[in-house]
Amino acid sequence: MLTRERLIEKVLLLLALSAIGSLALITIFIFLEGLPIILKTGVRHFIFGAHWAPTKGHFGILAMILSSIYVTLGALIFGVPLALACAIVLAEFAPPSLTRILKPTIELLAGIPSVVYGFLGVVLLVPIIRGYLGGPGLSLLAAALILGIMILPTVISISIDAMNAVPTLYREGSIALGATQWQTVRKLVLPAARSGIITAIILGMGRAIGETMAVIMVAGNALSIPTSILDSVRTLTANIALELGYASGAHREALFATGIVLFIIIMILNTAATLIAGRK
């Protein structure tokens, strides 16, 4: 029996190491492919340069970095309050029978292909923005709204689980002391579930900044620094997807370098959010 347990332990360890090793190999490959062009161009010129013309030797990606950050922030501003409100209602106020129906339904939305969201954005959202707000319609605002909708299932589902993990005894004690149900939720449940909610937001943020197809379809893909939410933008992921099919040489290396920058941005955002949650 002991030998069998040790064998299972070794197999599980091997599987865990293989998963970590796969991620490590992908990371090493991206850095090996992209670092030469960054070193050749210079980190300052590559990251803070605003001119992207790979065929002419210009590899500035500042416009795409800012576009990715703006689109992600817009998605969070639109999606997180809506998701938290929905999670609070389903976890604390809705009848359990209704929650059992709606929660799996919301989770199914996460399985819808991003191209479907992009198609709906092009058909429904873009004409509304063009008709009522002006501009081309294919814009930063359209991309932020679509991504805000796409992150809803992730943030809602994990936030509900985090609030459900708060012991019922806490709620009963709060209400017994005279607090209303909303006061209990606001001052007790939400602070107690804070770590899980922040995890949900981080995962939603990762989904937003890493999304490609829907953004390509609704953002307009203009290579310029946006000065308005109605301007067309091109994100880092969209740039890689649009140009990798025909890129070669330094151009291909620059796209891998773009992936390095995206990788570092996601790591910085996740680390910052985790540190903020821990400090609070």
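Please treat every number below as a calculation from the coordinates, not as lab data. What you are looking at is a predicted structure, and each value in this text was computed from that prediction instead of being measured. With ideal geometry, Cβ positions are generated from the backbone for all residues, glycine too; neighbour counts draw on all protein chains shown.
Go ahead and collect, in residue order, the members of region 206-227 whose backbone nitrogen is under 20 Å from a label point 7 Å along the Cα-Cβ direction of K56.
221-226
Can you put F59, F48 in order, fewest other beta carbons within 10 Å first?
Starting with the residue having the fewest Cβ neighbours, the order is F48, F59.
Rounded if a/c is under 1.5, else prolate if a/b beats b/c, else oblate: with a ≥ b ≥ c from the C-alpha gyration tensor eigenvalues square-rooted, which is region 38-111?
prolate
Once you have a ≥ b ≥ c as the square roots of the Cα gyration tensor eigenvalues for region 1-125, tell me rounded if a/c is under 1.5, and otherwise prolate or oblate according to whether a/b is larger than b/c.
oblate
Using 0.36 nm times the number of residues separating A94 and L244, minus their current alpha carbon distance, what extension gain do you get?
My answer for the length gained is 49.2 nm.
Using θ = phi - 60° and the Karplus curve 6.51 cos²θ - 1.76 cosθ + 1.60, what whole-Hz ³J(HN,Hα) does each residue of region 239-253 get, with Gly and Pro shown as x?
4, 5, 5, 6, 10, 5, x, 10, 6, 8, x, 4, 4, 5, 4
What ³J(HN,Hα) values, in whole Hz, does the Karplus curve 6.51 cos²θ - 1.76 cosθ + 1.60 give for region 192-207 when θ = phi - 60°, with x put for Gly and Pro?
Going residue by residue, I get 5, 9, 4, 4, x, 5, 5, 4, 4, 5, 4, 5, x, 5, x, 5 Hz, with x marking Gly and Pro.
So what is the relative contact order of the chain, in percent, for Cα pairs below 8 Å that sit 6 or more residues apart?
Averaging sequence separation for qualifying contacts and normalising by length gives 27 percent for the chain.
Of the listed peptides 139-151, 87-99, what is their order by residue-averaged count of other C-beta atoms within 10 Å, with the highest listed first?
139-151, 87-99
Mind listing the long-range amide H neighbours of W52? Cut-off is under 5 Å, sequence gap 5 or more, other chains count too, H placed in the peptide plane at 1.01 Å from N.
G60
Given Cβ point charges of +1 (Lys, Arg) and -1 (Asp, Glu) and nothing else, what value in debye, to the nearest 20, does the dipole of the chain about its Cα centre take?
Charge dipole, the chain, about its Cα centre: 360 debye, nearest 20.
Sort 256-262, 155-161 by packing, meaning the average of other beta carbons within 10 Å per residue, with the highest value first.
Highest-to-lowest ranking by the protection proxy: 155-161, 256-262.
For a quick check: sort I197, I229 by the number of other beta carbons within 10 angstrom, fewest at the front.
With the sparsest Cβ surroundings first, the list reads I229, I197.
Answer rounded, prolate or oblate for the chain, using the Cα gyration tensor with square roots of eigenvalues a ≥ b ≥ c: rounded when a/c is under 1.5, else prolate when a/b is larger than b/c, else oblate.
Oblate, because a/c is 1.5 or more while a/b does not exceed b/c.
Between region 45-95 and region 134-153, what is the separation of their alpha carbon centroids in Å?
Each part reduced to its Cα centre gives a spacing of 10 Å.
Among 217-228, 198-209, 183-194, 167-178, how do they line up by average Cβ neighbours within 10 Å per residue, starting with the highest?
In descending order of packing, they fall as 198-209, 217-228, 183-194, 167-178.
At a threshold of 8 angstrom on Cα-Cα distance, excluding pairs fewer than six apart, so keeping six or more, what relative contact order does region 192-280 reach in percent?
The normalised contact order for region 192-280 reaches 29 percent.
Which whole-Hz ³J(HN,Hα) couplings does region 181-189 yield from phi under the Karplus relation 6.51 cos²θ - 1.76 cosθ + 1.60, θ = phi - 60°, glycine and proline marked x?
Result, ordered by residue: 5, 5, 4, 5, 5, 6, 9, 10, 5 Hz.
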